[in-house]
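The values are calculated or read from the model by the stated rules, or taken from the named source; none is laboratory data. Computed from a predicted structure; not experimentally measured. Note that each Cβ is placed from the backbone with ideal geometry, even for glycine, and that neighbours are counted across all protein chains shown. Surface accessibility is based on the protein's heavy atoms, side chains included, excluding ligands, DNA and RNA. Shrake-Rupley method; radii C 1.70, N 1.55, O 1.52, S 1.80 Å.
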Amino acid sequence: MEEPIIQVRDVHKYFRTAQGTVHALKGIDLSVRKGEVVVIIGPSGSGKSTLLRCINRLEAFDSGQIVVDGTPLDNARNINKVRAEVGMVFQSFNLFPDRTALDNIMLAQRVVRKRARKECEQVARDLLSKVGIPDKATSYPGQLSGGQQQRVAIARALAMTPKIMLFDEPTSALDPEMIKEVLDVMLDLAREGMTMVVVSHEMGFARAAANRVVFMDRGEIVEMDTPAEMFEHPKTDRMKLFMSKILKH
């Protein structure tokens, strides 16, 4: 059987603050197979985003092991190798405000992938079409809606031809009417077989796209199953309580 493309083994993470030490991740074990879509849900402060950031070592962890596509995140060389294969989309769009949408997508291709300018531009234009905004190539971020900016950010990540895409609450900063256009792009990626780990509050997306849903609380994985089982037949009291609050909104 093929090895998981992401393996998280007994990972612990502590944050040390003036108020004391917070045990943010408590022995997390998680495997993700190639082509799988895993959606991580849970209340604020449960460790969801911290886990996601540990997977490409934007956040250092204190103990345990993370292996991505056969490469352990245990030294600077390996970390850079993994980051080159993992795309990440954040809550904030992080676009360069003084560059057009096209230039934002071209930049990392040229610097990291060392592609020729003509190839970079073709890839960028193809991806702007893929995310549904081919007419925004010459627009600057300030001229785009939040949903359009996030789609440029997704295109920029895809331009690096990643093997894995990580999404950290990609719609949380968007107005409600803009959320669907971003989720539609993500759904298309899921259907195409992109390996994705998504931290999200969008339960409709989890139902539609996820192979598995992971419920985290207080730094632990409390429950993990298919969307149908998780949402229709939650097994733990904590998940039942969480779902009851979600369904009220």
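Quick grid of which residues meet (1) farther than 27 Å from Arg218 by Cα; (2) out of contact with any Ser or Thr (no Cβ under 9 Å at 6 or more places or on another chain):
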| site | (1), (2) |
| --- | --- |
| Ser31 | no, yes |
| Gly35 | yes, no |
| Ile41 | no, no |
| Pro72 | no, yes |
| Met88 | no, yes |
| Ser92 | no, yes |
| Asp98 | yes, yes |
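The residue that is farthest from Lys235 (Cα to Cα), among those in the range 190-213 that are free of Cβ contacts under 8 Å to residues at least 60 places away in the same chain and surrounded by fewer than 21 Cβ atoms within 10 Å (Cβ to Cβ), is Glu192. For Ala101, indicate whether it is more than 28 Å from Ile6 (Cα to Cα) and modelled with pLDDT of 95 or more. In short, yes. Being surrounded by fewer than 17 Cβ atoms within 10 Å (Cβ to Cβ), within 18 Å of Met216 (Cβ to Cβ) and in contact with a Lys or Arg (Cβ under 9 Å, 6 or more places away or on another chain): is that true of Gly47 here? No.
Whenever a residue of the range 136-158 is within 11 Å of Met178 (Cβ to Cβ), its partners that are aromatic (Phe, Trp, Tyr) and open to solvent by 20 Å² or more (accessible area, probe 1.4 Å), lying with C-beta atoms within less than 7 angstrom and at least six residues away or across chains, give the pairs Gln149/Phe93; Gln150/Phe93.
Would you confirm, using the coordinates I've provided, whether Phe96 is of a type in the set (Phe, Trp, Tyr), in contact (Cβ under 8 Å) with a residue 40 or more places away in the chain, surrounded by fewer than 17 Cβ atoms within 10 Å (Cβ to Cβ) and over 24 Å from Gly193 (Cα atoms)?
Working: of a type in the set (Phe, Trp, Tyr): yes; in contact (Cβ under 8 Å) with a residue 40 or more places away in the chain: yes; surrounded by fewer than 17 Cβ atoms within 10 Å (Cβ to Cβ): yes; over 24 Å from Gly193 (Cα atoms): yes.
Judged against the criteria, Phe96 is a match.
In the range 62-84, the residues that are more than 23 Å from Arg113 (Cα to Cα) reach residues that are open to solvent by less than 30 Å² (accessible area, probe 1.4 Å) with C-beta atoms within less than 6 angstrom, at least six apart or across chains, in these pairs: Asp62/Lys13; Gly64/Val11; Ile66/Val8; Ile66/Leu73.
Inside the range 129-157, can you point out the residues that are buried (at least 21 other Cβ atoms within 10 Å of the Cβ), more than 13 Å from Val89 (Cβ to Cβ) and of a type in the set (A, V, I, L, M)? Ile133 - this is the single residue of the range 129-157 that is buried (at least 21 other Cβ atoms within 10 Å of the Cβ), more than 13 Å from Val89 (Cβ to Cβ) and of a type in the set (A, V, I, L, M).
Residues of the range 158-172 that are small (Gly, Ala, Ser) and surrounded by fewer than 21 Cβ atoms within 10 Å (Cβ to Cβ): Ser172 alone. Of all the listed residues (Gln143, Gln149, Gln109, Gln122), the sole one being more than 20 Å from Thr195 (Cα to Cα), touching a Cys at 6+ places or on another chain (Cβ under 7 Å) and of a type in the set (S, T, N, Q) is Gln109. Of all residue pairs spaced 6 or more apart or on separate chains, those with beta-carbon atoms under 8 Å, a first member in the range 3-32 that is touching a residue at least 60 places away in the same chain (Cβ under 8 Å) and farther than 23 Å from Val82 by Cβ and a second member that is of a type outside the set (Gly, Ala, Ser) and open to solvent by 50 Å² or more (accessible area, probe 1.4 Å) are His23/Tyr14; Lys26/Arg218; Lys26/Glu220.
So which residues in the range 79-117 are closer than 20 Å to Leu30 by Cα and either of a type outside the set (D, E, K, R) or outside any loop (DSSP other than H, G, I, E, B) (or both), if there are any at all? Give the derivation first.
Taking the range 79-117 as the starting set, the residues that turn out to be closer than 20 Å to Leu30 by Cα are 79, 82-83, 85-88.
Those that are closer than 20 Å to Leu30 by Cα and either of a type outside the set (D, E, K, R) or outside any loop (DSSP other than H, G, I, E, B) (or both): Ile79, Val82, Arg83, Val86, Gly87, Met88.
Here Asp175 clears all of (1) in contact (Cβ under 8 Å) with a residue 60 or more places away in the chain; (2) surrounded by fewer than 17 Cβ atoms within 10 Å (Cβ to Cβ) except the condition numbered (1).
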